[in-house]
Structures are given as C-alpha cells and as structure tokens.
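Report on one structure; see the data block that follows.
The values are calculated or read from the model by the stated rules, or taken from the named source; none is laboratory data. Since this is a predicted model, take the numbers as computed values, not measurements. Using ideal geometry, Cβ is built from the backbone for each residue, glycine included, and neighbour counts are taken over all protein chains shown.
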Amino acid sequence: MCASCVPVLLVFGVFSIPSGSEYDACYALSDVCGHQRASLSKGRLEGYVLECPLHFARYDVRTGALLSGPVVEDIRCYAVYGSKAIRSMSSGNRICGHEEGAGIMYTKRGLGLLSLVGVLVVLLGVSRVAAQQAKAEFKLKLMGINRTLDPWKLYEEWTQSVEKRTNGRVQFELTSLPELGLGGAETIRVLKTGVVDVTETYGGYVAGELPIIEILEIPGIFPNPETAKKAILAWKPHEAKVLEEKANAVLLAMALYPDQAIWSKRPLRKLEDFKGLKIRVHSVALSSLVAGLGGEPLTIAFAEVYTALERGTLDAGISGTKPGYNLRWYEVSKYLVGPISMRPHVALAINKNTWKRLPPDIQSLMKEEAEKIVESKAFEAIEVWNKEGIEKSVEKGMEHLPFSPELQATIKEVLRTKVVPEWVKRAGGAEAARLFNDIIAPLVGFTVNAS
C-alpha cells in the first residue's frame, strides 16, 4: 500500500438496526478510527453507537459523527439500502484508495449507474497506484510518533515530495509507534536493525539508550524560543555523529515540538499542590523534575494517557501544548498548567544500510527536501502550534494556569540542583559536562561540572 493511501473498506461491517422481523437501515463506514487507526470492525456496537476497541472512541454509525473519546474528527459513513445488494458484496474487503472512507452507496434498485461509476473509479485508482509501486526501485518504511501530531504532516509532505522528484523511484509507507505496537524507547532498536528505514527519533524516548541526546530535553533550560532554536542547530552535528556511531543511522533533519504543559485534573498553583500527584512524563529529565517538585512521575505511552486520565490512573500528564490538544486531553483534565519552557527535538534519521543502497543523487535530494520541508517548516510553525494548543484548549473549557513567580523560581532551582546534575551523571560525566559547557552553557548562562 502506498504512502498516501490508508486502509479502507469497500463495504465495511454492515450495521443493522432491527425493526420487527425486518432491517430498516444499514450503514457502511470507514474501518479506520481517527485516533490511532485501530480497526473499528473489532469494536463494540450498542444501538447506533460504535466503540473503538483500542481507546474507546465512540461514533454514531448513522452519520460517522464522533460522540466522545480521544479523536479529533468524524469518520466517513455511507448509508446502504437493500439487503440483497449488501449480501452480493463480501463485507470487510480492503482496498487501496486515496481517500479514507472510499466506498459505494447502494440503493434499493441494486447496482445503479452511480454505483458502477464508483466501482470503476476505485479500480482505476488501484491500478494507477499498483503501477506506481511496480516501478519503484526503493520502497522505504517511515515510522513517526503519532499521526495526530503536527510534524506528521511535514513527514507526509516530505515523502510525497521525494516520490515526485524521483519520478516514483522511491516510494514510502508511513506508519507510527502505536500502529506497530511499539514504545518510544524501542525507536533506536528498530532503526539500528533496519526494521524500519526512517524514524522520527525523540531524544526523551531514547534517553535510556542514548542519554547524551537528552541534552536538549532538559525542561526549563531555554529562556525563550530563539535560544532553543540556536541550541538545536548548534547540537545538530553532534547528534548526527551519535546516531551514526550508536544507531547505525544518518541524520536527515531536525524538528521540534511545542513547549510542555501539565494537563491536570487539579489546580497546581503552589509547590504543595504537586505533592504525591501522579503525573505522566515522557523523558528521564521530566521524571527528575516532577520528582524534584514532589510529584510521582509515571511513564505511560502517549496514546494511553487519555484513558489513564479518564480512569483516574493519572492525576495529570505532561505533553506539548498542541499534542495534548490534538489528543483531546481537554476532555479528561481541567487545568492547563505552565507551560514549561521546553522544545522537545526529534531527529528524522535513516538506517545507514538503507542509505548506502540509495544512489548519490537520491541521497542528496532526500536530505535537501528534509531540511527544506521538515526542519525549516517546523521552526517556522512552532510558535503557531504552541499558541494554538493553549488557545484552543481554553476554548474547550480548560483553565490556563501559568506558573507563579514562586513556582518558576522553584523549577529553576530543581533544574540546577537535580535535573542537570543527574543528566550529566547518566550521560557520561566529564564528556557530557564538556559538551554542555561548550554548546549549551553559552546560550543559557550557567555551566556544570562532572561531579
């Protein structure tokens, strides 16, 4: 299946609502949940409500409308009439189409002219895609963090640009951590071994294996966006070297995510409010910060946080201002606290064995397009993403609680006395301290030592 296509159903699980001994309505829907692309055919149906089996998003089968859950959009829905026409198709046949929910509407007259045209359009689309894939010399798989996140759109744009500029010689298949059933900590393993060809590698996720990369993930260390950008670009050559030596990978481009906010069910106005609070974190450095504030850091996969907040397993969760909004955390939390001045960085990296198989012209083109589309556009959009995340969450009913001056001072103290020293120890002592002092210290105004 090509990168621009998604699994769809020509006729997906027909839902029938009994009316005496007859069925008065049936529906055909996209099989793809808008949250983590789970198969809705494995879900639970109660009346007109279909529940996703993965994270319990609920849809109305009559309209495809979203009723509740960690989803942003409705799904496509097509009314189907006439049991004979329905029985003539095998329910659940997947096809490759360029529009999610591609399907055919049937009437009581069976396959009419509209239906026949629909079939021809779908089949012609499939033939064209098959022809494109047949001539592809290099079929690559890209794994991102999550399809709901804004950088994903940049990866889609990049892959499409590469496919176009190579005239189809390169074709991409896009997937994500939750689709593969993987945690972020497994990113280096799948990149290093070539299970996937290209990955979105987040420094916080891989800090256990490559703690030096977490140099940019120290929460609260950058006083403003300009400083964060300078630090990321200054660190970029060093990250390229680490990925080549430790992950068997070639760095294509860097990108970043918005400031990190605390999505909390309780107000956090003073230090005492953090005591014993169960807070989801996504990096070792954030864990260190939360512990330093008196909270209880818990590592839970990004895709699982909504349910954990909903069920009370978590009191709060840390994520970017826009990513948390995209996954509808405003439905299961009340207060948007902060944000912490932190721009998590990600590396778009390709397996070195895959890289060596590519001709020099394609290597050059891929890197050029990655820097132009992924890196440049991420830096351009980051402030918009950051602002949107806060404003849209407030529009949805959340209360924004910026850190008080007292909390800001406490965070800075925990940063200097706990978070940074613990990172130095994890990342190699003297060498980590040297890199920090050479690259980061001139930008943030303080140095560290190996002890």
For segment 435-444, name all the residues that are loosely packed, with under 15 Cβ neighbours inside 10 Å and either in contact (Cβ under 8 Å) with a residue 12 or more places away in the chain or farther than 19 Å from Met342 by Cα (or both).
Asp438
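Criterion first (closer than 19 Å to Gly184 by Cα, over 14 Å from the mean Cα position of the chain (by Cα) and in the same structural domain as Pro219 (by TED's automatic domain parsing)) does Ile350 satisfy it?
Values: closer than 19 Å to Gly184 by Cα: yes; over 14 Å from the mean Cα position of the chain (by Cα): yes; in the same structural domain as Pro219 (by TED's automatic domain parsing): yes.
In short, yes.
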It is to be established whether one or more residues within segment 349-362 are in contact with an Asp or Glu (Cβ under 9 Å, 6 or more places away or on another chain), acidic (Asp, Glu) and surrounded by fewer than 19 Cβ atoms within 10 Å (Cβ to Cβ).
no
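Just to verify a result, which residue in segment 145-171, among those that are of a type in the set (D, E, K, R) and crowded, with 18+ Cβ neighbours inside 10 Å, is farthest from the chain's Cα centre (by Cα)? Steps first, please.
Taking segment 145-171 first, the residues of a type in the set (D, E, K, R) are 147, 150, 153, 156-157, 163-165, 169.
From what is left, the residues that are crowded, with 18+ Cβ neighbours inside 10 Å are 147, 150, 156, 163.
Details: Arg147: 5, Asp150: 8, Glu156: 12, Glu163: 22 Å.
It comes out as Glu163.
Here's the yes/no breakdown for (1) of a type in the set (A, V, I, L, M, F, W, C); (2) touching a Lys or Arg at 6+ places or on another chain (Cβ under 9 Å):
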position: Leu336; (1), (2): yes, no
position: Trp355; (1), (2): yes, no
position: Ser364; (1), (2): no, no
position: Trp385; (1), (2): yes, yes
position: Lys392; (1), (2): no, yes
position: Glu406; (1), (2): no, yes
position: Ala409; (1), (2): yes, no
When you scan segment 394-406, do you find a residue that is more than 30 Å from Lys153 (Cβ to Cβ) and without any contact (Cβ under 8 Å) to a residue 24 or more places away in the chain, even just one?
yes
All conditions in (1) out of contact with any strand residue (DSSP E or B) (no Cβ under 7 Å at 6 or more places or on another chain); (2) crowded, with 20+ Cβ neighbours inside 10 Å are true of Leu256 except (1)
For Leu336, the lone unmet condition from (1) in contact with an Asp or Glu (Cβ under 6 Å, 6 or more places away or on another chain); (2) outside any helix (DSSP H, G or I) is (1)
Return the total of residues in segment 245-264 being touching a helix residue (DSSP H, G or I) at 6+ places or on another chain (Cβ under 7 Å), more than 18 Å from Met143 (Cβ to Cβ) and at pLDDT 95 or above.
2
Segment 291-312, subset β-branched (Val, Ile, Thr) and touching a Leu at 6+ places or on another chain (Cβ under 8 Å), residue farthest from Lys387 (Cα to Cα)
Ile300
Enumeration of residues in segment 265-316 that are in a helix (DSSP H, G or I), over 24 Å from Ala185 (Cα atoms) and under 26 Å from the mean Cα position of the chain (by Cα):
Glu310, Arg311
Residues of segment 39-58 being modelled with pLDDT of 75 or more and either in contact with a His (Cβ under 6 Å, 6 or more places away or on another chain) or outside any strand (DSSP E or B) (or both), in sequence order, are Leu40, Cys52, Ala57
Just give me the residues in segment 217-236 being under 19 Å from Gly338 (Cα atoms) and in contact with a helix residue (DSSP H, G or I) (Cβ under 9 Å, 6 or more places away or on another chain), in sequence order.
Glu217, Ile218, Pro219, Gly220, Ile221, Phe222, Pro223, Pro225, Thr227, Ala228
Per the list (1) within 24 Å of Arg426 (Cα to Cα); (2) among the charged types (D, E, K, R); (3) outside the structural domain of Gly194 (by TED's automatic domain parsing), residue check on Glu244 breaks on (3)
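Quick one: how many residues across segment 317-333 are assigned to a loop (DSSP other than H, G, I, E, B), modelled with pLDDT of 95 or more and not small (Gly, Ala, Ser)?
Filtering segment 317-333 down to residues assigned to a loop (DSSP other than H, G, I, E, B) leaves 327-328, 332-333.
Filter again for modelled with pLDDT of 95 or more, leaving 332-333.
When the remaining residues are screened for being not small (Gly, Ala, Ser), the result is 332.
Residues that pass the stated criteria total 1.
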